[in-house]
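Since the structure comes first, as structure tokens, the remarks are kept for the end.
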Amino acid sequence: MQLRVERREESWMSSGLMTGHLPSIDEVLGDPAAPYWLKIALCSALCRDSVHAANDSEMLARLLEDSCDKILSKP
């Protein structure tokens with residue numbers, strides 16, 4: 001029995017961020033590999049004042065980074 005392997009176009013999720021490529025909003029929303037929660041958060045942010053949404057997103061990123069650092073530093 002042979003397995004058929006299909007080659008798929010790489011997603012920004014698997015390669016783009018590692019190469020420094022920042023995808024466009026449309027790329028993220030149209031990417032089936034993009035996490036559902038990220039698409040929902042992005043759509044929600046687009047309905048808001050862009051400065052407030054950017055500031056809140058930066059705070060969220062810093063909080064999650066801090067949480068990740070604490071988890072990874074535990075013995």
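Within segment 35-49, residues that are closer than 19 Å to L64 by Cα have Cβ atoms under 8 Å from residues that are among the acidic types (D, E) in these pairs: A45/D56, counting only partners at least 6 apart in sequence or on another chain. For segment 22-30, check the following and say yes or no: at least one residue is at pLDDT below 90 and loosely packed, with under 12 Cβ neighbours inside 10 Å. The answer is yes, given that some residue of segment 22-30 is at pLDDT below 90 and loosely packed, with under 12 Cβ neighbours inside 10 Å.
The values are calculated or read from the model by the stated rules, or taken from the named source; none is laboratory data. If you're wondering where the values come from, they're calculated on a predicted model, not measured in any experiment. Glycine also receives a Cβ, built like all others from the backbone with ideal geometry; neighbour counts cover every protein chain displayed.
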